[in-house]
Each structure stands twice: as structure tokens, then as C-alpha cells.
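Below is one structure; the comments refer to it alone.
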Amino acid sequence: MRLALAQIGSGTDIAGNLALIRAGIQDASARGADLVCFPEYAMYEKKRVDGSFADIAEALDGPFATALGDLARDHGIAVIAGVVEAHPDSGAPYNTLVGFDAAGTLVGAYRKMHLYDAYGFRESQWISRPDPPEHVVMPLAGTRVGVMTCYDLHFPAVAAQLAAEGADILAVCASWVPGPSKTNQWRVLAAARAIENVIVTAAVCQTPPVSIGTSLVVDPMGTVLAELDAAPGLLCVDIDPHATALARERAAS
């Protein structure tokens, strides 16, 4: 299967962000991709999370997610993207990844469990934690994709649980906060999760100035198969859907 990572720079213009996603889907489809992954907060993003995220949040059957499903169906490609999901009982929304198959059907939604409360940031002040937290593996493009959001990458147990639940690929959708050594940490942690679980790991990130870019795909042995720089772009990598299983067989022999 051909996997695409669409590295974009989302802002506060939701219509503009949807246009970026539409262009990414069109490009990925034209290149023959079966699945395209967009970053965390692809729907709406700014330097620091604040009360405006609640103001623009939508239900998963709202206009933005519906448009994502329509784009997936119209272009015959599976899509994963980050949205701001309205909470039914709280003013603080969820930071959610949605997955649509190539028919445009919503097959999964993952609410970020490890909110970024570090280095002076407090995502939990404005974003709700899921209760209870749930690991999500999405059936997409003929494979099983375990999804993680940004800071989840710091927690080995998340990737391990997804692998235990049958994921063939880990998709990490992020808006990785820039800073000293942060790009190196991003690379190292993505490779570590791949090596620990002997699994293909695809990590897609927002671009500067909010984030670091550097989207990459790592094979089950920790080798970086392809990587983008900080600029917006589309990364396409051909992945054997059985690569994770084959690597585990070799590791066990």
C-alpha cells in the first residue's frame, strides 16, 4: 500500500485549513496513495491552545468532519486528520483524530489521552481528557492503523497496547512544539516506538512556526525510510502491508 503524509501548516482559518487538506488529498490521490495522514489539529491550530478551540469545536457529524468524509469518498482514498471535537457535556473540547475509509465512512475516532502539560504549556486547561481513555486501531486501506497524537509518543505503553491490539502501522499525528533538541527527540521517539514494537511507524507533523515539520516514516528495525524537512509537503512511501508481521517473524527466528 502507498502511504502519504501531508505536512501542512494549519492556522485559525478553518476554511483555509480545509483547502490545504483538500489539496493534500488531491495530491496524494494523484500519486496513487491508499491512505493519507494529516497532523494533529489539522482543522484549527495556533501557537498556544486557548478558549477559542471550544468556540470552533464541532461534533463528528459536523461540517468539517463531513467534508473530510466527502473528500475521502470523492478521491477514493482513506484519510486520517486531527479535528477539534465538541464535548457533549463540557465546554472543553476533545483533541481528536478521525479516520475515514475510501468510501467516506467514519471508521474510527481517537481522543488524545496524554495532553501536553509541559514546558509551560497546559493543554489540559482547554482540552478534555477522554474518560475512559481508549486506544484505537482503525481498519484503513487494507491494513490496521493504530493512532497516536503528539505527546502520546512519549509513552511507550500507548504504542505497545496498539501493537498488542493488532496494529500493522502506527500513525502519529502531531503538532510537535519547537525548542532545543525537540526535532531530534521527535526522530528518536518515533524510531524507538518502531523498534520496541517491531512495527512501521509513520509520524506526520505541522510545520513552523507552530511546529517543527520533519514528518517521517520508520521501518520496524528503526530505519528512516523517508523524511521531509520543515517546509509544507507530501511524503509518499510504499509500505508492504505485511512488513510488520514479516519483521516480527524474522526477529523471532
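Read the figures in this text as sums done on the coordinates, not as results from a lab. Since the model is a prediction, treat every value here as computed from it, not as a measurement. Here the Cβ is made from the backbone with ideal geometry for all residues, glycine too, and neighbour counts use every protein chain on show.
Structure above, values below:
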| item | result |
| --- | --- |
| Criterion violated by residue 119 - all others in (1) at negative phi; (2) out of contact with any strand residue (DSSP E or B) (no Cβ under 6 Å at 6 or more places or on another chain) satisfied | (1) |
| Restricting region 202-219 to residues that are touching a Pro at 6+ places or on another chain (Cβ under 7 Å) and either more than 16 Å from residue 146 (Cα to Cα) or of a type in the set (Lys, Arg) (or both), the residue that is surrounded by the fewest Cβ atoms within 10 Å (Cβ to Cβ) | 208 |
| Any hit, region 212-219, residues being in contact with a helix residue (DSSP H, G or I) (Cβ under 6 Å, 6 or more places away or on another chain), more than 23 Å from residue 94 (Cα to Cα) and in a loop (DSSP other than H, G, I, E, B) | yes |
| Pair list, Cβ under 6 Å, 6 or more apart: region 227-253 residue over 19 Å from residue 205 (Cα atoms), other residue of a type in the set (S, T, N, Q) and surrounded by 14 or more Cβ atoms within 10 Å (Cβ to Cβ) | 241/143 |
| Identity of the residue in region 154-198, closer than 15 Å to residue 136 by Cα and touching a Gly at 6+ places or on another chain (Cβ under 6 Å), that ends up surrounded by the most Cβ atoms within 10 Å (Cβ to Cβ) | 173 |
| Any strands (runs of 3 or more DSSP E) falling wholly within region 76-151 and containing at least 1 residues that are charged (D, E, K, R) and free of Cβ contacts under 8 Å to residues at least 40 places away in the same chain | 78-85, 106-111, 143-149 |
